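Note sheet for the following structure.
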Amino acid sequence: MLIQFNLAALAVAGQLAWKRTKPAIIKEAILLPLAGFLGVIILWWFVATFLTDLMPTPAQAFVENLDYILNPFYRRGPGNLGLGWLLLASLRRVLIGFALGALVAIPVGFLIGMSKQALLALNPIIQIFKPVSPLAWLPISLAIFNLADPSAIFVIFITSLWPTIINTALGVSSVNKDYLDVARVLEMPRWRQITKIILPASLPYIFTGLRISLGIAWLVIVAVEMLTGGVGIGFFVWDEWSRLNLSSVFLAVLVIGITGLVLDYAVGKIETFVTHRPKTS
């Protein structure tokens with residue numbers, strides 16, 4: 001009887017706690033985001049109705065984009081592809097360039113963080129090239145590869161380097177010196193210090209750099225594809241604007257934004273899995 005009474009009390013307490021927290025959860029997770037989206041739609045509707053005749057209203061854009069929404073993976077000819085195929089083409093370029101950039105940036109960041117000589121040698125190069133617009137690299141990459149696809153990947157590669165290098169170097173240099181002193185006293189090999197002490201302590205910084213790099217890479221690919229053409233979400237935006245089809249441009253903007261959000265969320269989940277720490281941002 002006592003056990004049953006305790007279980008019933010716990011159940012009642014749980015129900016009361018849920019009733020108190022449920023309104024706050026619904027407000028924060030559903031109502032407030034919906035209010036924000038509703039505000040954007042109202043602003044869009046106001047601009048399209050009263051300030052310009054070129055821009056469609058949200059309802060007009062939805063109706064005109066129904067084919068793209070309902071059939072994202074259609075193939076109706078060599079240059080007539082659904083929005084899903086265009087998105088996948090852009091994602092492929094971004095992920096290849098981003099992965100190549102990470103393979104170079106993380107070791108270089110470790111080298112800079114662990115060696116003062118490497119810091120003095122490489123820091124001026126980073127500070128010179130970091131402010132350069134990614135699109136400034138496009139003519140150079142076109143001259144090297146003479147093809148649009150590898151040129152776009154090269155621009156993404158260059159774009160992905162700097163945030164990851166800087167954050168990795170910051171993480172490595174921020175490792176508690178006491179841990180390294182203890183490792184030296186125990187005569188721990190250098191490679192073991194890196195894998196057991198420096199790398200685990202630096203992972204949050206590394207993932208921060210990776211998330212920034214991936215966000216910038218996804219931002220840049222749209223501009224690069226506008227200039228190079230071919231198959232991709234960026235060229236789709238430019239092509240639809242050339243036809244004065246702003247409804248499709250708005251759809252592409254929404255798809256680009258949601259895809260960037262999903263990419264950042266995925267990297268955050270990978271960070272949580274690797275570091276065994278809850279994502280804080």
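The values are calculated or read from the model by the stated rules, or taken from the named source; none is laboratory data. What you see is a predicted model; the values in this text were computed from it and never measured. Cβ atoms come from the backbone with ideal geometry, glycine included; neighbour counts cover every protein chain shown. We work out accessible area using only protein heavy atoms, side chains counted, and drop any ligands, DNA or RNA first. Shrake-Rupley method; radii C 1.70, N 1.55, O 1.52, S 1.80 Å.
Can you report the principal axis dimensions of the chain using only the alpha carbons, biggest first, rounded to whole angstrom?
Per principal axis, max minus min of the Cα coordinates gives 79, 73, 35 Å.
From the alpha carbon gyration tensor of the range 188-256, can you work out the equivalent ellipsoid semi-axes (sqrt of 5 times each eigenvalue) and give them in Å, largest to smallest?
43, 12, 6
Arranged from highest to lowest average of other beta-carbon atoms within 10 Å per residue, in what order do the peptides 254-262, 195-203, 165-173 appear?
Details: 254-262: 14.2, 195-203: 16.7, 165-173: 23.0.
Listed from highest to lowest mean packing, they are 165-173, 195-203, 254-262.
With the other protein chains left in place, how much accessible area per residue, in square angstrom, belongs to the range 43-177 at a 1.4 angstrom probe?
I get 55 Å² per residue for this part.
Enter the accessible area of LEU219 (Å², nearest 10), with the probe set to 1.4 Å and all protein chains included.
About 130 Å², ignoring ligands and nucleic acids.
Obtain the radius of gyration and the Kirkwood radius of the range 24-85 from its C-alpha atoms and give Rg over Rh.
Taking Rg over the Kirkwood Rh, I get 1.16.
Hey, how many Å between the Cα centroid of the range 229-281 and the Cα centroid of the range 106-121?
33 Å
State the percentage of accessible surface on the chain attributable to carbon and sulfur atoms; use a 1.4 Å probe and exclude ligands, DNA and RNA.
About 73 percent, which is the carbon plus sulfur part of the accessible surface.
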